[in-house]
1. Can you tell me the 0 to 90 degree angle between the C-alpha axis of helix B:7-43 and the longest principal axis of chain B, rounded to 10?
2. Calculate the radius of gyration of the Cα atoms of the stretch A:1-73 to one decimal place, then report Dmax, the largest Cα-Cα distance, as a whole number, both in Å.
3. Which of A:4, A:62, A:13, B:96 comes first, and how do the rest follow, when ranked by fewest Cβ neighbours within 10 Å?
4. If you only keep lysine pairs separated by 8 or more in sequence, or across chains, how many in the protein assembly as shown come under 26 Å at the Cα atoms?
5. I'd like the FRET efficiency for residue B:31 and residue B:10, computed as 1/(1 + (r/R0)^6) with the beta carbon distance as r and R0 of 25 Å, rounded to 0.05.
6. Can you compute the helix-only [θ] at 222 nm over chain A? Use -39500 (n - 2.57) per DSSP H run of at least 4 residues, normalise by all residues, nearest 500 deg cm²/dmol.
7. With a Förster radius of 25 Å, plug the Cβ-Cβ distance of residue B:38 and residue B:72 into 1/(1 + (r/R0)^6) and report the FRET value to the nearest 0.05.
8. Comparing A:29, A:102, A:110, which has the greatest mean-square fluctuation in the GNM of chain A with Cα pairs linked when under 10 Å apart?
Amino acid sequence: MKRILIVDDEDDIREILRMSLEMLAGWEVLEAHTGVEAISIALHAQPDAILLDMMMPGMDGIAVFEQLQGSADTRNIPVILLTAKTQPADRRRFSHLGLSAVVSKPFDPVALPGTIADLLGWNSAAQRPA
Amino acid sequence: MSAGDSPQSRLAAPLALLWRKHYGTILERVAVLEHAVDGLRLDSAISSSEQLLVESAAHKLAGTLGTFGSPRGSEIAGHIERLFSPDMVVDEQVIIQAGPLISELRAVVLGLALAYDSTTT
């Protein structure tokens, strides 16, 4: 079973993400609502991937990603940035960071597990849990 | 897999529950926008902190409404977010544009609420 860490300061978004990823893909979902919490959980739980919100108070998604990249223990964890910033300039900025992928907000909770699985090459994982 | 076992149908009831749980917060965010425009109509000025508050409320609505099934709601909220971004001067034109957008946004939210009310949980 895949283990995925979702990082978002908004309760409603975290809860929709959890519902989607648990119910449709059967993945184990861990949650963080701040960047600091995300780094700590990533270090200790070693998730298979991190779904990281861009705009959070305090440490934003980019700062979290850079910290994860700076540690040998977390730099190999794939990170998907979740963002409503979808202007071409934003896309250009994100493309230089080394993220695994960028997913736009709003997202379709029905399609999301398949999207993540495709982006990360987990194509057989977005299935109904046995 | 039967039609009733589709991913859409499996998420329908839990998504409706989450909508009901967070509906109050969504309405509060719309109210932040309405309050700001009402204030602007009175004195045509907005503090930088209130502008940030409005941008943040609009940003959150833009991320949430489409996920709950209203792409139009996200589109409107995104437009409002850009009108109130910190690099924008909030002037008469912004007030003229934002007023109808915020009215439409409230209508979209109330429409979503009606749709979710009819979802069996």
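1. 10 degrees
2. According to the Cα coordinates of the stretch A:1-73, Rg and Dmax are 11.7, 33 Å.
3. On the way: A:4 27, A:62 18, A:13 22, B:96 9.
By the 10 Å Cβ count, ascending, the order reads B:96, A:62, A:13, A:4.
4. Details: A:2/A:105; A:85/A:105; A:85/B:60; A:105/B:21; A:105/B:60; B:21/B:60.
Close lysine pairs under the 26 Å cut-off: 6.
5. Numbers: r = 33 Å, r/R0 = 1.32.
Efficiency, rounded to the nearest 0.05: 0.15.
6. Working: 5 runs with 47 residues, N = 130.
It comes out at -10500 deg cm²/dmol, rounded to the nearest 500.
7. On the way: r = 23 Å, r/R0 = 0.93.
Between residue B:38 and residue B:72 the formula returns 0.60.
8. Comparing A:29, A:102, A:110 in the GNM, the peak value goes to A:110.
Bear in mind that the values in this text are calculations on the coordinates, not laboratory data. These numbers come from a predicted model, not from an experiment. For neighbour counting, all protein chains shown are included, and Cβ atoms are generated from backbone atoms with ideal geometry for every residue, glycine included.
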